[in-house]
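Read-outs throughout are calculated quantities, based only on the coordinates presented, and are distinct from any laboratory measurement. Computed from a predicted model, the values in this text were never measured in an experiment. Here the Cβ positions follow ideal geometry from the backbone for every residue, glycine too, while neighbour counts run over all protein chains shown.
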Amino acid sequence: MKLKLLAIAFCVASITYAQAPQAKVEQGTLEGITLPSGIKNYRGIPFAQPPVGNLRWKAPQPPKSWSGIRKADAFGNNAMQKPVFGDMSFRAPNMSEDCLYLNVWTPAKKTGEKLPVLVYFYGGGFIAGDGSENRYDGESLAEKGIVTVTLNYRLGIFGFFSHPELTVESPNHASGNYGLLDQNAALLWVRKNIAAFGGDPNKITIAGESAGSISVSAQMASPLSKNLIAGAIGQSGAMINPTLDAIPMADHEKHGIEFAGKVKAGSLAALRAIPAEQLLDEASKWGAFNTKAVVDGYFLPKLPSEIFAAGEQAKVPLLAGWTSAEIPYGAFMQGQFPNPENYVARVKAQYGEQAGEVLKLYPGTTQEEVIKSATALASDNFIVYSTWKWLELHRKTSNTPVYAYIFSRPRPPMVAEMGNAKSGLAGGVIKDDGTKPENALPDNMTGAAHASDIEYLLGNLKSNTVFDWTADDYKASETGEDYFANFIKTGNPNGKGLVQWPESKPKDAEMTIMKLDKTVKSYKEPHRNRYLFLDKKFLKK
């Protein structure tokens, strides 16, 4: 009987082993998992050597080969970071400097078929994030016939630290853009190996949200990456002033010297000897370290805005946009009640002699109008203008298709278990009797907040159990994801059953914007004059 049971167990194990999907890449054979949907998923694939020890603050090095079969059934470690964003939830097992791993979701395919590929960069201000987050999960897009990749890259002090000694040490005479170089290394790995997962190495679209979108613009601008991609998608953000723009090398190195002095490290060896947790703690102290990309002469030969203006970027189709209420009015009003008097005073304090022009572009004669205009001012200065400028420059200089959008679907209330019954929309705490305290601030403008579009447009609403999603939310998600999927496949978001999304062309006086919600419509950009005004503020003439 025991022998019979052992034989059965052996057979079951053999069947399980045989059913596990395998892929042979340059470094060896990977064994992933098959999800209930039938999608094959490979997790925790090393695309570079661990950037630890003497490899801290060096460009990513090619991964080492392995013998036998490497299990790819668990996500790799997330990059070093503090828990600064409450909406982030990782499936990674640990946090570590050893974080350069990527994940692949691949659908079944016909023999010889080459599938389009999406490589997605996470957001988090270059100080947080991870490729294992549920909202970036690639299963839904894989079900639409797209090989989907997420990846990790170095963050904060580990990914964006410059120092003169690092610059001298580098064979490229550059330092500081390690996180962006990690993304480039992942793209190179994908280009070499994605055929093993059914992907077409010549049909790679890059995408991301917030810092991920900023990364997309930087990769398009970089001579290292611009020839590796066939298309680009940006969700709120570009590496254009004032949004995490790159700074000159001399300034970046100066910050590095100042930080080294703060931690009393007199050499690179001493800096590299600091334990990762301690280094993270030191860099996270108020004012200790400012995470910025750098014009290093290697990854970025000059500012991305200058590269796009000169037409030196990747000449690929671009689909990009922002949300309708990126950040709330309070970010501009600084805690003051949003009445016309306070609003005018804030505008005058912020813009001085230009206040009159600002008040024409962003009027505030009623409380409702103040809330709307203060939301727009905060959002435009935060991330909308830079995204618009990226689209505008690319359509003028690339001679390739450009598609612009505003995502307008507001999230529904949270589910009851989250205590939503006692939480306001952001206009103050709700009392137990359902009323607001006296003198409470008004609710925020109804709209889609920063980062709220991710689950919708990647088809991952179900994975977010915080919100009470409705049929209309799923409709908005289905439509948005279909546009994205079509763009990844063809460079054009349009397809059967979808409202026509017009392309914005160089000769057009203004861009056409597609409003994405449960229903969609296109219209000529309504606030072009606002962005032309901000041009004078943010771009050197």
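Some notes on this structure:
- For Lys348, net neighbour charge (Lys/Arg +1, Asp/Glu -1) across residues whose Cβ lies under 14 Å away: -1
- Hydrodynamic radius by Kirkwood, which averages 1/r over all alpha carbon pairs of the chain, in angstrom: 24.6 Å
- Computed over the stretch 2-316, relative contact order equals 17 percent, with contacts defined as Cα pairs under 8 Å that lie 6+ residues apart.
- Computed extension length for Ala309-Leu539: 81.7 nm, one decimal, from 0.36 nm per residue of separation with the Cα-Cα distance subtracted.
- Seen from Asp508, the other residues with C-beta closer than 14 Å to its C-beta sum to a net charge of +2, counting Lys and Arg as +1 and Asp and Glu as -1.
- Pair Thr470, Gln61: separation of 7 Å Cα→Cβ label points (nm): 5.6 nm
- Loop chymotrypsin sites (Phe, Trp or Tyr not before Pro), the stretch 37-71 (other Cβ atoms within 10 Å of the site Cβ: 12 or fewer; DSSP): Trp66
- In loop segments of the stretch 238-295 as defined by DSSP, the trypsin sites (Lys or Arg not before Pro) with at most 11 further C-beta atoms inside 10 Å of their C-beta are Lys264, Lys285.
- Calculated diffusion of the stretch 323-538, Stokes-Einstein form, Kirkwood radius summed over Cα pairs, 25 °C and 0.890 mPa s, µm²/s: 129 µm²/s
- Cα extents for the stretch 243-300 along the principal axes, largest to smallest and rounded to whole angstrom: 29, 23, 17.
- Radius of gyration and maximum dimension Dmax of the stretch 107-152, Cα, Å: 12.6, 42
- Karplus-derived HN-Hα couplings along the stretch 402-418 (A = 6.51, B = -1.76, C = 1.60, θ = phi - 60°), whole Hz, x at Gly and Pro: 10, 10, 10, 9, 10, 8, 10, 6, x, 5, x, x, 5, 5, 4, 5, 7
- Using R0 = 56 Å, the C-beta based FRET efficiency linking Asp200 and Glu369 works out to 0.65.
- Counting 0.36 nm for each residue step from Gln19 to Lys505 and taking away their Cα separation leaves a gain of 170.1 nm.
- Taken about its Cα centre, the chain carries a charge dipole of roughly 1320 debye when the Cβ of each Lys and Arg holds +1 and the Cβ of each Asp and Glu holds -1.
- Among Trp469, Trp286, sorting on how many other beta-carbon atoms sit within 10 Å of each Cβ, with the fewest leading, yields Trp286, Trp469.
- Expressed as a fraction of 2.2 N^0.38 Å, the C-alpha radius of gyration for the stretch 2-316 is 1.04.
- A cut-off under 10 angstrom between Cβ atoms defines the neighbours of Arg56, and their net charge, with Lys, Arg +1 and Asp, Glu -1, is +2.
- Here the convex hull built on the C-alpha positions of the stretch 33-81 has a volume of 111 cubic angstrom per residue.
- Residues Leu393, Leu55, ranked from the fewest to the most other C-beta atoms within 10 Å, line up as Leu55, Leu393.
- Percentage relative contact order, the chain, counting C-alpha pairs under 8 Å, at least six apart: 12 percent
- DSSP beta bridges in the chain [antiparallel fraction, %, rounded to 5]: 40 percent
- Of His173, His255, the sequence from fewest to most neighbouring Cβ atoms within 10 angstrom is His173, His255.
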